[in-house]
Amino acid sequence: MVSVSDAQAIILNLVQPLNHQRDTEVIDLLIANSRILAKPVTSPLDFPHWDNSAMDGYAVRYEDVQHSSENPAILEIVEDIPAGYQPKFTIQPGQTARIFTGAVIPAGADTVVMQEKTRREENRVFILDAPKPQEFVRHKASFYQSGTQLLPAGIKLNAPEIAVLAAAQCPQVSVYRRPRVAIFSTGDELMTVDQPLQPGQIVDSNQYALAALVRQSGAEPILLGIVKDDPVALEKVIAHAVAIADIVLSSGGVSVGDYDYVDKILESLRAKIHIRSVEMRPGKPLTVATFPTQNFPLYFGLPGNPAAVLVTFWRFVLPVIKKLSGITEGWESVFLKVRSHHELRSNGKRETYLWGKLHLIDGVYEFHQADGSQSSGNLINLAQTNALAVLPVGKTLIYPQEEVQVLQLSNG
Ligand code: AMP
Ligand code: MG
């Protein structure tokens, strides 16, 4: 049995990110939200493209207006320059142009005086206050210089990055393909959601949970259904799954019961088993294996208990999907230190994960353990979970208001 931190290190070491040449696709920018950029982007455009005004006001020559606080300058207005308009005149001594936010600074001018510091009289304007040299001018290339790197590869494309790519006239982008995750459930007792249940039978909820988790992680779930506790059927499905996916997630059948065949089948298929059980609760029976095939799939034999499936996914599988996805940083789980609302208990023998909710109280997060049983077979009170409190080995009690580490889950 390995510790949770050793298990995480072993597992992350087994994963190589997708290939930045082979494993990419070109997609429309409009559907690129949450995808991972596969190639660095450079632009032939400067940002700003030209010197432009940060204010509504007047484009002036600084030397004409530098003494305006004592002695207002009076300038002749030669043209109006709204946004989108190309100036026609060069500003000569004693001249100015009316200018609006985002509009091109005309030749000759070097400074903008905001309109609140002026008084207009027909074709003339009085400058009532001296500006600073170059005030309110956004200089060409001051935000970004053409030809340099605009965005690096390996970042997630969210609204700001998508806006940058749009401004740089990139209607299509090269992104990593979604990691493929095959999912199946094992157990003679399992039925699909639409089948009537006989005594002893339950619905295969793990397949639904895993499909949702995988999709939310940005990967593509491939659902392979329910497999009976039958070595022949299991071997067939496992062989198929590892041939088509980057990651395989099975649930159930990895414990020490008479009908738990998964590990034996993995061995018969020449898989290398790296982990068989982890010192955690829930989630002790956890098999992690690799196959010596070209796509080097990573196999997770997750426990069958519904709570254990969710907890082991959040703790171990999610970082793997992130690393595989091509994103260059931020794979590891994020832990916060917060106050616990309730007393939290563990038997201290294994690292214990208790599910519940982070509430914001006066701007500070507080962990509220879910009401009801924290049994790994209890699925019902997992609803609305957004954090797991972690009690390390040896820690049996956290008092109310005491600090506890939590794994924050992104459910958004
Ligand atoms: P196992 O690890 O196969 O011994 O399963 C442990 C427990 O989890 C048993 O009570 C199973 O009935 C339950 N279980 C296994 N697979 C699933 C599933 N796909 N959905 C819901 N519960 C399951
Ligand atoms: Mg089973």
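Taking the range 380-402 as the range and being farther than 14 Å from ARG339 by Cα and touching a Ser or Thr at 6+ places or on another chain (Cβ under 6 Å) as the test, only THR396 passes. If you go through the range 19-45 and keep only what is hydrophobic (A, V, I, L, M, F, W, C) and part of a strand (DSSP E or B), you end up with VAL26, ILE27, ILE36, LEU37, VAL41. Which of the residues spanning the range 227-254 are under 9 Å from PHE184 (Cα atoms), of a type in the set (Val, Ile, Thr) and within 11 Å of ligand 2 (Cβ to nearest atom)? Answer for the range 227-254, where residues must be under 9 Å from PHE184 (Cα atoms), of a type in the set (Val, Ile, Thr) and within 11 Å of ligand 2 (Cβ to nearest atom): just VAL227. Each residue in the range 358-397 was checked for being surrounded by 15 or more Cβ atoms within 10 Å (Cβ to Cβ) and outside any loop (DSSP other than H, G, I, E, B), and 13 of them qualify.
Among the residues of the range 63-98, the ones that are under 9 Å from ALA109 (Cβ atoms) and either among the small types (Gly, Ala, Ser) or in contact (Cβ under 8 Å) with a residue 60 or more places away in the chain (or both) come to 1 in all. For THR312, the stated conditions do not hold, so it cannot be described as touching a Ser or Thr at 6+ places or on another chain (Cβ under 9 Å), modelled with pLDDT of 95 or more and either among the β-branched types (Val, Ile, Thr) or within 16 Å of ligand 2 (Cβ to nearest atom) (or both). You will find that of GLY187, GLY253, GLY225, GLY218, the residue that is in contact with a Phe, Trp or Tyr (Cβ under 7 Å, 6 or more places away or on another chain), touching a residue at least 60 places away in the same chain (Cβ under 8 Å) and of a type outside the set (Lys, Arg) is GLY253 and no other.
The values are calculated or read from the model by the stated rules, or taken from the named source; none is laboratory data. None of the values given here were measured: they were computed from a predicted structure. Cβ sites come from the backbone with ideal geometry, for glycine too, and all protein chains shown count toward neighbours.
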